[in-house]
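See structure below.
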Amino acid sequence: MSKKRYERPIISKHYSGLMNKFGTKTLNSPKPDIEGIPVKHLVENYGSPLFVITESKIRQNQRDALRIFKTRYPKVQFAWSYKTNYLDAVCAVFHQEGSIAEVVSEFEYDKARHLGIKGEDIIFNGPDKSKAALLKAIKEGARIHIDHFDELYDIIEITDTNNLKANVAIRVNMDVGVYPKWDRFGFNYENGEAWQALKRILANKNLNLVGLHTHVGTYMMSSEAYRIAASALVALAKGLKNELDVNLDYIDLGGGFASHNTLIGQYLPAEEVVPSFEDFADAISTGLFELQLRPDEMPTLILETGRALVDNAGYLLSTVIANKRLSNGRRAIIIDAGVNILFTGFWYKHKISPAQEGGAHPEEASMFGPLCMNIDVIRESITLPSLRKGDKLVIEDVGAYDMTQWMQFISMRPNVVMIMEDGSIELIRKAETLEYLLQQELLPAKLSIK
């Protein structure tokens, strides 16, 4: 018989008439495996901390989203948002599922091209596009979404100097009832700036206007905002059709759909308050059908959904390295994954589960990472059973932004593996080493101490 773990006696105060641990579930059940692969096996072979991506979940998410939108609007094209997660293996799965690429920098543009995506299948967004990047994108037939007048003038100059034609759209910002307004990107709808930009584009023979684009925000919890945005873009499209006899190829509603991560400060869990894909699809299609065109004349709907398609396909495995008692008596759990690799921990209450059976008495605790910084807080408060040094934890819904916003700070970035549909495991990004980091450093000879 194995020796039972010791747990110190705990006295918990309960109040009559209020919920407590005996009347409501406060603990996440142990999660010993991911897609049938034991957590212990993953950590033994690839180290801790460790990011795990599941191929099957990505594919299912994308197929479900496409099905939901296509049943409501006949012409839909998804564009994978590279900034959400631009690991080659992740992008490749989305491209295999039919997504084109949406990028917001020359770096991301080059990464998509390196992966084999044609220029014509790239949407180039963002406020910072150099003339060199614009020239490359124009030559390769990319769709350039113009963010401001200075960029428009650069494109006019480039196309005139090089005798080229550019496929362009404009990004439009508007009041959709969500605050703060995202009006720092694109041309404003209400003050007529967007209409001015469209007329200047159409006045130039080298510019081919192909679409309209908006991106109303991030982690959007209002489907109505998308209906308002779609209606505004439809109004611009109607003006182009009626006044200038211009038909658009597409209307791009951007991304921003919320995932099922619960925000810090949010009382109810995300799955109870976040709109579903059905809600978003109903709202957007309702706005688009205000165009009142024949089905064959309707523009393609482009969606740049990122977070909602990949968040739940990502896991972070971590190991308990210490238990402490804070000055106020609260338990503190120290794990080997810090906010340098779990950047979204600053705004999400990630679901965190032990990977093994724990003690019988749950206790409220604070959870910290290993960094020597006071901001390295994974959770201010979480109820968990007693955990021992070496126990494993599974942090869920980390597929979006953590692997693009992570930092090499105090500790290096870890391995990333993908569990394939057939159950095999592939290493898709190797852990950093000192040699890797030193490749970019140069030490002046007069500073050498060897």
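Could you please let me know if Asp402 is touching a helix residue (DSSP H, G or I) at 6+ places or on another chain (Cβ under 6 Å) and on the phi > 0 side of the Ramachandran plot? Spell out how you get there, then give the answer.
Values: touching a helix residue (DSSP H, G or I) at 6+ places or on another chain (Cβ under 6 Å): yes; on the phi > 0 side of the Ramachandran plot: no.
It is false that Asp402 is touching a helix residue (DSSP H, G or I) at 6+ places or on another chain (Cβ under 6 Å) and on the phi > 0 side of the Ramachandran plot.
Might you check whether a residue that is under 24 Å from the mean Cα position of the chain (by Cα) and under 27 Å from Ile68 (Cβ atoms) occurs anywhere in the stretch 330-340?
no
On the given criteria, is Met403 in contact (Cβ under 8 Å) with a residue 24 or more places away in the chain, within 29 Å of Ser105 (Cβ to Cβ) and assigned to a helix (DSSP H, G or I)? Can you show your working first?
Working: in contact (Cβ under 8 Å) with a residue 24 or more places away in the chain: yes; within 29 Å of Ser105 (Cβ to Cβ): yes; assigned to a helix (DSSP H, G or I): yes.
Spelling it out, Met403 is indeed in contact (Cβ under 8 Å) with a residue 24 or more places away in the chain, within 29 Å of Ser105 (Cβ to Cβ) and assigned to a helix (DSSP H, G or I).
Within the stretch 142-178, can you find the residues that are modelled with pLDDT of 95 or more, surrounded by fewer than 20 Cβ atoms within 10 Å (Cβ to Cβ) and farther than 17 Å from Gly126 by Cα?
Result: Ile156, Glu157, Ile158, Asp160, Thr161, Asn162, Asn163, Leu164, Lys165.
Would you pick out the residues in the stretch 367-393 that are surrounded by fewer than 23 Cβ atoms within 10 Å (Cβ to Cβ) and β-branched (Val, Ile, Thr)?
Of everything in the stretch 367-393, those that are surrounded by fewer than 23 Cβ atoms within 10 Å (Cβ to Cβ) and β-branched (Val, Ile, Thr) turn out to be Ile375, Val377, Ile382, Thr383.
Name, by its number, the condition in (1) free of Cβ contacts under 8 Å to residues at least 12 places away in the same chain; (2) more than 30 Å from Asp279 (Cα to Cα) that does not hold for Asp183.
Of everything listed in (1) free of Cβ contacts under 8 Å to residues at least 12 places away in the same chain; (2) more than 30 Å from Asp279 (Cα to Cα), Asp183 misses just condition (2).
Which of the following residues is aliphatic (A, V, I, L, M), assigned by TED's automatic domain parsing to the domain that holds Ala89, over 27 Å from Leu240 (Cα atoms) and touching a helix residue (DSSP H, G or I) at 6+ places or on another chain (Cβ under 7 Å): Ala137, Ala166, Ala133, Ala112?
Details: Ala137 fails: over 27 Å from Leu240 (Cα atoms); Ala166 fails: over 27 Å from Leu240 (Cα atoms); Ala112 fails: touching a helix residue (DSSP H, G or I) at 6+ places or on another chain (Cβ under 7 Å).
When all the criteria are applied, what remains is Ala133.
Looking at Val246, is it surrounded by fewer than 24 Cβ atoms within 10 Å (Cβ to Cβ), in contact with a Leu (Cβ under 8 Å, 6 or more places away or on another chain) and farther than 28 Å from Gly192 by Cα? Quick ask: steps written out before the conclusion?
On the way: surrounded by fewer than 24 Cβ atoms within 10 Å (Cβ to Cβ): yes; in contact with a Leu (Cβ under 8 Å, 6 or more places away or on another chain): yes; farther than 28 Å from Gly192 by Cα: no.
For Val246, the condition - surrounded by fewer than 24 Cβ atoms within 10 Å (Cβ to Cβ), in contact with a Leu (Cβ under 8 Å, 6 or more places away or on another chain) and farther than 28 Å from Gly192 by Cα - is not met.
May I ask you to list the residues in the stretch 382-412 that are more than 19 Å from the chain's Cα centre (by Cα), within 18 Å of Gly338 (Cβ to Cβ) and polar (S, T, N, Q)?
Once the filter is applied, which keeps residues that are more than 19 Å from the chain's Cα centre (by Cα), within 18 Å of Gly338 (Cβ to Cβ) and polar (S, T, N, Q), the stretch 382-412 yields Gln408, Ser411.
Exactly one condition in (1) buried (at least 16 other Cβ atoms within 10 Å of the Cβ); (2) in a loop (DSSP other than H, G, I, E, B) is false for Asn191; which is it?
For Asn191, the failing item is (1).
Which one is surrounded by the fewest Cβ atoms within 10 Å (Cβ to Cβ), of the residues in the stretch 74-100 that are hydrophobic (A, V, I, L, M, F, W, C) and within 14 Å of the chain's Cα centre (by Cα)?
Top of the filtered list is Leu87.
Within the stretch 80-121, track down each residue that is of a type in the set (S, T, N, Q) and within 20 Å of Thr54 (Cα to Cα).
Going through the stretch 80-121, the residues of a type in the set (S, T, N, Q) turn out to be 81, 84-85, 96, 99, 105.
Result: Ser81, Thr84, Asn85, Gln96, Ser99.
Using the structure shown, decide if Leu288 is within 19 Å of Lys351 (Cβ to Cβ) and either touching a strand residue (DSSP E or B) at 6+ places or on another chain (Cβ under 7 Å) or surrounded by 19 or more Cβ atoms within 10 Å (Cβ to Cβ) (or both). Lay out the reasoning, then the answer.
Working: within 19 Å of Lys351 (Cβ to Cβ): no; either touching a strand residue (DSSP E or B) at 6+ places or on another chain (Cβ under 7 Å) or surrounded by 19 or more Cβ atoms within 10 Å (Cβ to Cβ) (or both): yes.
Answer is no for this residue.
The values are calculated or read from the model by the stated rules, or taken from the named source; none is laboratory data. Not measured: the values here are computed from a predicted model. Cβ atoms come from the backbone with ideal geometry, glycine included; neighbour counts cover every protein chain shown.
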